[in-house]
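These notes are about the structure you will find just below.
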Amino acid sequence: MRRLHSLASGHSSALTAATASVVLSMLLGAAVTTPIVAQTSQVAATAASSAGVTGAAERRVLTLADYGKWNRITSTSLSNDGRWMSFAYQPNDGDATLHIQSLDSEKRYTIPVGSAPVFADNSAWVAYFVNPPERKPGAGRTGGGGNSNAPAVTPPSPQPGGRAGGAAAQPARSAEVRNLATGETYKVGNASTFKFSRDGMWIAVRTNKAVADAKHNGADLILRDLAKGVTRNIGNVDFYEFDRAGKRFAYTVAAADRLGNGLYLVDLATGETRVISSAAADYDQLAWSDTGANLAVLRGLKGGKRTQKDNALLAWLDVGTSRMREIVFDSTAQVAAGSGMPSGMVVSEFALPRFSKDGTKLFVGIKEQDTEITRDGEPRANVDVWHYKDPEPQSVQMVRLSGERRSTYPTVLNLSTRKLLRLADSSMRSLQFTPNGRWGIGRLDVPYRGEVSWGGSKADYYRVNSATGERTLIAKALTRTMGISPDSRWFLYLKNGNVMAYNLETGANNRIDESAKRSFVDVDDDHPYERPTYGVAGWSKDSKSVLLNDRFDIWQLALDGSMAVNITGGAGEADQIRYRLARLDGARGRGAANDDDDGIDLTKPLLLSGYGEWTKKSGYFHVVPGKRPTPLIWDDKAIGQAIASDKGGRVIFTQQSFTEFPDWWATNNNFTSPKRVTNANPELSEFAWGSKV
């Protein structure tokens, strides 16, 4: 605001508070996507004249009516082959209009009140929701989209596995799936969620429940063969999932009075449906393994006055083959069988079962079973009692109460021995597992809960062996951790300003930043506890090094502490350009373990984003590790986040300036000859706009 005041003082005295708001929006131009409305024509005209706008007299002034029409762009995504792009124009006042645009031609499909587009992985289809044309103001406006097989859902949100809430309060929306080549569409009314199979040949659309307050969760589901146009209607479906290969479709039934409840499997090639399990019980949390060969679900009931369901964990290995076999682990029956199930605990539906990568383990959550409190109808005092020995204030306890009611303890079931091993307890409630599932990183904050501090809560971190439950201390009193390597071998953290790499296999703790002879801590950060680093750029593909940012450059640090190389050759510091690694392959974890991240191949040129510290220019660069980066696009504009297709070498990005709206542009991996795709606010040139000089 000090800069704004000094700027305003050098202009005409007619520059009022309203005009100052306009100037402020211009100063923040890279972040502003909607205009500030001038209060009077005289003020706006004066501001335009003072800012040096040419032809301001011929341009009209922004009014409140114009503000409502101003669009922002949402629902942006690319098809896998890079030939199609989705985007929606969302006005400040009104419904969004979804567009599916060919990037190789002028073909465009326009869907009024469309939302949440998802391209099939084979790039032949796109599915989206169409909201009713008459809705209450503000209802159903969402972004979303992307190349994903997860359900593209607007409220009510689904639980894991595909379940949605009850019928929408607003008039029912529909789901459409469109053939991108022909434009032909198939429509399902009253839609709740949808999913494509991984190969893009099938789509499943689940509707809302016919009766919103029905006690069971089942609803109709449409399963459609997209190539043949053949549709099957399945009743009372709750959870549903395609396997990874797109060969099988599993779903649970939740019917009135639990008649027909069970787990069912459809062979998509033959259409054969078989009952995998059936019982007068609730089936929850359906999950396939990454390979698609194993399947798990929970089956249970809440008995008597118990607070939790007594669930059995059901798993099938080598599904659909002659070697298919079933594993049943019953929470109550296994306690006395020496299986490792703690007494008074149940396998909880609040945690989604997850198979380890090698298929030998199944990770679940267990929870304490308890008895519901009997209400006698007498009025009860609404009093919060806090004891001075409580580690947390009562207000904090109340905020966390709802989360605590659904929290579970991470536990692993060995599928060969049928033994259950609890890995967490009340002092260490949660674990972050490595991608291969062999290790967990546990956070124990009990010794520090009584400390009063602003943010930056401390904790001791432990390596937890998922096969034995053994805990090994990594470090005490940490406030900054920096993630797990994709190969599951390394855990990175910050201790007293030093970057440390812990080898999860050997237990070795290495300081890795010393060889760089510099600190990677952001000294400008003003937190009153340990300051963060500038961030993890990624991990090398050979699992021997990690890439860290300093203020301007990117460094490759050996995880054994033996070596440090400036990837950008010191050009960032020399030119005062902030270089950052641009991951266009979907692995944007910034240090987090990512099952789909194979690491960075440092033998090939890397794509970097760049930002001029003093020039404020931005763009993208190629760099051969250790050499000076070469600009691909470098302009006096805000060049936004780029998105790349999996195939076809297509890239889309935004660019904006003081006078240019952040529309999307399409180009190739070298950013040559970019072509503008969107034009969200073509009327921008009609207004008396300012300039940066």
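The values are calculated or read from the model by the stated rules, or taken from the named source; none is laboratory data. Everything quoted here is computed from the prediction, not taken from an experiment. For neighbour counting, all protein chains shown are included, and Cβ atoms are generated from backbone atoms with ideal geometry for every residue, glycine included. Quick note on the areas: whole protein, heavy atoms, side chains included, nothing else; ligands and nucleic acids left out. Shrake-Rupley method; radii C 1.70, N 1.55, O 1.52, S 1.80 Å.
A few remarks follow.
- Segment 432-449, residues that are open to solvent by 60 Å² or more (accessible area, probe 1.4 Å) and either among the charged types (D, E, K, R) or closer than 14 Å to LEU492 by Cα (or both): GLN432, ARG438, ARG443, ARG449
- Matching residues, segment 509-526, being assigned to a loop (DSSP other than H, G, I, E, B) and either closer than 20 Å to GLY599 by Cβ or open to solvent by less than 60 Å² (accessible area, probe 1.4 Å) (or both): ILE512, ASP513, PHE520, ASP522, ASP525
- Looking only at residues in segment 186-209 that are open to solvent by 10 Å² or more (accessible area, probe 1.4 Å) and charged (D, E, K, R), the one that is nearest to GLU176 (Cα to Cα) is LYS187.
- Of the residues making up segment 450-471, one or more are part of a loop (DSSP other than H, G, I, E, B), aromatic (Phe, Trp, Tyr), more than 27 Å from the chain's Cα centre (by Cα) and surrounded by fewer than 21 Cβ atoms within 10 Å (Cβ to Cβ).
Here's the yes/no breakdown for (1) open to solvent by 50 Å² or more (accessible area, probe 1.4 Å); (2) at pLDDT below 95; (3) part of a strand (DSSP E or B):
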| position | (1), (2), (3) |
| --- | --- |
| GLY619 | no, no, yes |
| TRP634 | yes, no, yes |
| GLY648 | yes, yes, no |
| VAL651 | no, no, yes |
| TRP664 | no, no, yes |
| THR667 | no, no, yes |
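- Whichever residue in segment 90-106 is in a loop (DSSP other than H, G, I, E, B) and farther than 27 Å from LEU64 by Cα and, among such residues, is least open to solvent (accessible area, probe 1.4 Å): LEU103
- Top-ranked residue of segment 226-246 - restricted to ones that are under 16 Å from ALA120 (Cβ atoms) and surrounded by fewer than 18 Cβ atoms within 10 Å (Cβ to Cβ), ranked as nearest to the chain's Cα centre (by Cα): ARG244
- Residue match in segment 294-301 (condition: modelled with pLDDT under 95, open to solvent by 40 Å² or more (accessible area, probe 1.4 Å) and over 30 Å from the mean Cα position of the chain (by Cα)): yes
- ARG531 being touching a residue at least 24 places away in the same chain (Cβ under 8 Å), in contact with a strand residue (DSSP E or B) (Cβ under 6 Å, 6 or more places away or on another chain), outside any strand (DSSP E or B) and crowded, with 18+ Cβ neighbours inside 10 Å: yes
- Filter result (touching a residue at least 60 places away in the same chain (Cβ under 8 Å) and over 27 Å from LYS544 (Cβ atoms)) within segment 454-492: TRP454, GLY455, GLY456
- Each residue in segment 161-198 was checked for being charged (D, E, K, R), at pLDDT 95 or above and assigned to a loop (DSSP other than H, G, I, E, B), and 1 pass.
- Being small (Gly, Ala, Ser), under 29 Å from ILE652 (Cβ atoms) and open to solvent by less than 10 Å² (accessible area, probe 1.4 Å) is a property that holds for GLY572.
- Note on segment 496-506: residues that are out of contact with any strand residue (DSSP E or B) (no Cβ under 6 Å at 6 or more places or on another chain) and either open to solvent by 30 Å² or more (accessible area, probe 1.4 Å) or free of Cβ contacts under 8 Å to residues at least 12 places away in the same chain (or both) amount to 3.
- Residues that are among the aromatic types (Phe, Trp, Tyr), out of contact with any Gly (no Cβ under 6 Å at 6 or more places or on another chain) and under 17 Å from ASP597 (Cα atoms) are absent from segment 535-542.
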